[in-house]
Each structure stands twice: as structure tokens, then as C-alpha cells.
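Read-outs throughout are calculated quantities, based only on the coordinates presented, and are distinct from any laboratory measurement. Because the structure is a prediction, the values reported are computed rather than measured. Reconstructed Cβ throughout: ideal geometry from the backbone, glycine too, with neighbour counts over all protein chains shown.
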Amino acid sequence: MPEVNGAHIHGPPYPLKRNGSCLCCGTPVYRVIEVWQDGPLEGTPRRVGKQLDVGTQVTFQMSDGSEADVSFCIDCAPAVRPAHYRTIWEACLDREALGLRLAGRSANERTAAMARGLKLFPVARVRRRRESEEPGMLMVDRRG
Ligand SMILES: [Zn+2]
């Protein structure tokens with residue numbers, strides 16, 4: 001959670017993106033079911049469940065017309081600005097690259113995935129949303 005009058009400043013640099021956590025401050029925003037037991041992600045969420053009350057997703061429209069959802073906490077999400085978009089996407093790609101490596105994907109597969117990702121960039125923020133009480137249902141977040 002960002003500290004009031006503390007060290008955290010919304011925006012880059014971001015910590016290594018953690019599964020189910022706010023990209024900006026690293027606060028868990030989903031219930032953690034399992035954590036990584038070793039490796040570079042040791043102690044960080046490996047499998048997550050339901051979104052927590054502090055969590056939200058920001059949906060970005062990408063340069064190819066697709067959409068990408070990125071998890072933030074409700075304190076950091078309102079602070080996302082267009083100036084942060086590229087760094088946010090690069091943080092997502094860094095985490096994707098690490099995930100592919102940990103999954104044992106070949107160097108060629110990883111290179112191809114990164115080349116696809118690097119052609120894209122977020123162009124606009126579409127909406128924020130939260131999971132509703134019903135599993136699988138999403139609702140628009142009106143909290144700012
Ligand atoms: Zn945050």
C-alpha cells in the first residue's frame with residue numbers, strides 16, 4: 001500500500017510485477033492461494049483467487065485495437081497517466097519474459113513472444129473494473 005507522505009510515488013520505477021498484485025506498489029490485490037517456493041519469484045504469489053476489495057483492473061486499449069487488463073490497487077489506479085503507459089507495458093513484458101523462462105519455454109519462443117509484445121503499446125485507458133460478487137462477472141468500477 002502506498003504510504004501517506006511516505007516514500008512511494010505513483011508511477012515508475014515499478015517493482016518487479018507480481019502475479020495478482022498492484023503493478024505500481026506491489027500490494028496483493030487478489031487472494032493468494034499459493035506462493036513461489038524458490039527461484040527469482042520466491043515468496044510472491046504463484047496462484048491467486050478472488051479479487052480483494054483493494055484491487056481493481058485497468059483496461060488499456062492497445063495499439064493493435066486489442067485490450068489488456070493490468071491489476072492495480074485502488075490507491076494507485078487513479079494515478080495512472082499516459083506518461084506511464086509505456087513503462088507499465090514494459091513491466092508487463094518483463095514479467096511475461098520471466099514467466100516464459102520459468103515455464104521452460106525455448107529461447108526462440110521467448111524471443112518471438114517479446115517481439116510481438118514490443119510491437120504493441122497502450123494508447124488509451126478504457127475503464128477500470130472490479131469483479132462483482134458473482135464469480136466470473138465483472139462490473140465497472142465507479143470509485144474514481
Ligand atoms: Zn498500488
Ascending count of other beta-carbon atoms within 10 Å, so fewest first, for 74, 88, 33: 33, 74, 88
Under 9 Å, Cβ to Cβ, from residue 16 - net charge with Lys/Arg +1 and Asp/Glu -1: +2
Cut-off 15 Å (backbone N to label point 7 Å along Cα→Cβ of residue 121), residues of region 42-86: 61-65, 81-86
Distance between modelled label sites at residue 90 and residue 112, nm, 7 Å Cα→Cβ extension: 2.7 nm
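Among residues other than residue 100 whose Cβ falls under 14 Å from its Cβ, what is the net charge (Lys/Arg +1, Asp/Glu -1)? Mind showing how you got there, number by number?
Details: positive: 17, 95, 101, 105, 110, 116; negative: 94, 96, 109.
My count for the surroundings of residue 100 gives +3.
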Packing-based order for 54-62, 122-130, 103-111, using average beta carbon neighbours within 10 Å, highest first: 54-62, 122-130, 103-111
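Could you please report the charge total around residue 36, scoring K, R as +1 and D, E as -1 over all other residues with beta-carbon less than 12 angstrom from its beta-carbon?
Numbers: positive: 18, 46, 47; negative: 34, 38, 42.
Charge balance in the 12 Å sphere: 0.
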